[in-house]
Amino acid sequence: MSPGRGTGSRWYGFYGPRPFCAQKRENKGKKWNKTGNGGKKMEQNVVLEMRDISKNFTGVRALSHVDFTLRKGEIHALMGENGAGKSTLIKVLTGVHEFESGSIHMNGENKDIINHSPQEAQANGISTVYQEVNLCPNLTVAENLFIGREPRNKVGMINWKEMNARSAKLLESLNINVPPTQMLDECSVAIQQMIAIARAVDMKCKVLILDEPTSSLDDEEVEKLFVLMRRLREEGVGIIFVTHFLEQVYAVCDRITVLRNGELVGEYETKDLPRVMLVAKMMGKDFDDLADIKGDRKDKKVFSETPVIEAEGIGHKGTIRPFDLKINKGEVIGLTGLLGSGRSELVRSIYGADKADSGTLKVNGKEVKINSPLDAMKLGMAYLPEDRKAEGIIADLSVRENIIIAMQAKKGMFHPMSRKEMEEAADKYIDMLQIKTASRETPIKSLSGGNQQKVILGRWLLTNPEYLILDEPTRGIDIGTKTEIQKIVLDLADQGMAVTFISSEVEEMLRTCSRMAVLRDGEKVGELEESELSQSNIMKAIAGGDDKNE
């Protein structure tokens, strides 16, 4: 399948500065050329242009007429929430996916580039460094730098002396302080990423894609990476920087392109796009024109001031910075922030899924140590994870088995539940949660996503928890089932259960939560009381930043 040529630019903006790509579609069907966009002369320093890119997966639209422009010597942030199309656009560019329509051009040349593999993309000057470094840990630094292109002597043997010398020179030129003979698995993640970048630079890349390179780095390592990125920018390399960290975008990026739901929102100069505007564009909300959804909330009993969970300085290195959080009996506290802000990491550190390495935790006023999720379960906690397919359901087991499995784990292997107890428990929650299933013995994989989610919720309610963690409990399910789950959450709070609720949908959080903690870049940065809860306040809190970018 050969993608068609570009058909001009498209912008789905909201407000604020007019993007560079905000051209009308009057050129649809015209052949791309160096003076495209209605005869206007193209910028001379463009290294990459993607025009009118569309991609579908079995009828699901992943990209719709997306444009992207990268200039020489710039760091360009590619931003968007989960499912926005960032990864798909990169995979189209690097040859992992084919695309149905559109065109890709390098260096302003009137010639389509169609990469059929990452290797072909690399040959065309496009290199990618991922969060999970794709190198060989059992080889030396020099071997990783030159793997597949090792210098050879006259008889075809690897010239180790030359390879190590060239590696040392390359590393020195980029201020990467590591011996070329050191094994890669002895290097930090940050150094491994820099080595991957050095390899790309030595292969004369013109476009360097950094896909979430800072997610596993501490502040000092991030700054070292930024120093290298700025140096490459000065040398004319165009860098595409994919990240969820707003602070990092404003620290190092020249321009920002925002995608949402597979469509282009716009391209902006970083200095012209305030943080709160960026958040609004990513989330698809115009906070100057808010709908009054506060009235949709169910009247709830006033929650008590009796704390169930008290976290002080709890943190997990590499995922969530130390935080304080108190959750009261009968309260629904929301965790809000962009994807990657640390919402899931915070609750995982409380629940023991990621064992906290700092701070203290009290449950019902008593200090406790949680080394594993089983410890948390025995203390009256329950956790519905974000990814129900990977971490929630056990696909080949029945509805009954999926419902009782947590209770059986809590009771222990020496106290097995009887078949009658299992069936009664399954029937109780199938009826209570209105789970649509042919029978309790139906394999859970046969159920819809919403009903699978209800089964997992029933699993945890069976353990009679005092504290319930719900991480994206309504993602990917229909609006009717979403409303049912929201009502269940409010009913549980009315009965005295403490709940932490995480959702990417602001309206859902406003309908459900009595208070919200705000997270940004792996850190809890504030809280909003019920009287302060609005889309406007939430987005401003998520954006943060200094006066310059507010």
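Only the coordinates and a few stated rules stand behind these numbers; no lab work does. All figures in this text were calculated on a predicted structure; none of them were measured in a lab. Cβ coordinates were reconstructed from backbone atoms using ideal geometry, including for glycine residues, and neighbour counts include every protein chain displayed.
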>> Using a 7 Å offset from the Cα along the Cα-to-Cβ direction at both Arg231 and Val96, what is the distance between the two label points in nm, to one decimal?
In response: 2.8
> So for the pair Lys369, Asn56, with labels modelled 7 Å out along Cα→Cβ, what separation do we get in nm?
Replying inline: 5.8
> Length gain on complete extension for the stretch Glu532 to Ser173, per 0.36 nm per residue less the alpha carbon to alpha carbon distance?
Replying inline: 124.1 nm
> If you plug each phi of the range 95-105 into the Karplus form 6.51 cos²θ - 1.76 cosθ + 1.60 with θ = phi - 60°, what whole-Hz ³J(HN,Hα) values come out, in order, with x for Gly and Pro?
Replying inline: x, 6, 10, 7, 10, 6, 8, x, 8, 10, 10
>> Can you order the peptides 151-162, 222-233 by their average number of other Cβ atoms within 10 Å per residue, highest first?
In response: 222-233, 151-162
>> What distance in nm lies between label points placed 7 Å from Cα along the C-beta direction at Lys378 and Met203?
In response: 5.1
> Taking 0.36 nm per intervening residue step and subtracting the Cα-Cα distance, what contour gain separates Ala251 from Ile405 on full extension?
Replying inline: 50.7 nm
>> Net charge around Leu379, counting only other residues with Cβ within less than 11 Å of its Cβ (Lys, Arg = +1; Asp, Glu = -1)?
In response: +3
> Once a ≥ b ≥ c are taken as the square roots of the eigenvalues of the Cα gyration tensor of the range 438-516, is the result rounded (a/c under 1.5), prolate (a/b larger than b/c) or oblate (a/b not larger than b/c)?
Replying inline: oblate
> With Cβ to Cβ distances under 11 Å as the rule, what net charge do the other residues near Pro151 carry (K, R +1; D, E -1)?
Replying inline: +2
>> I need the fraction of alpha carbon pairs in the range 132-221 separated by more than 16 Å, rounded to a whole percent.
In response: 54
> What is the local net charge at Gln408, summed over the other residues whose Cβ is closer than 13 Å to its Cβ (Lys, Arg +1; Asp, Glu -1)?
Replying inline: +3
>> I'd like to compare 332-344, 169-181: which one has the highest average count of other Cβ atoms within 10 Å, and what's the full order after that?
In response: 332-344, 169-181
>> A 32 angstrom limit on the alpha carbon distance is what I want to check against. Which of Lys482/Lys524; Lys55/Lys224; Lys111/Lys224; Lys487/Lys540; Lys55/Lys169 exceed it?
In response: Lys55/Lys224; Lys111/Lys224; Lys55/Lys169
> If you stretched the chain out fully between Trp160 and Lys271, how much longer would it get, using 0.36 nm times the residue separation minus the C-alpha to C-alpha distance?
Replying inline: 35.2 nm
>> I'd like the FRET efficiency for Ile147 and Asp491, computed as 1/(1 + (r/R0)^6) with the beta carbon distance as r and R0 of 45 Å, rounded to 0.05.
In response: 0.15
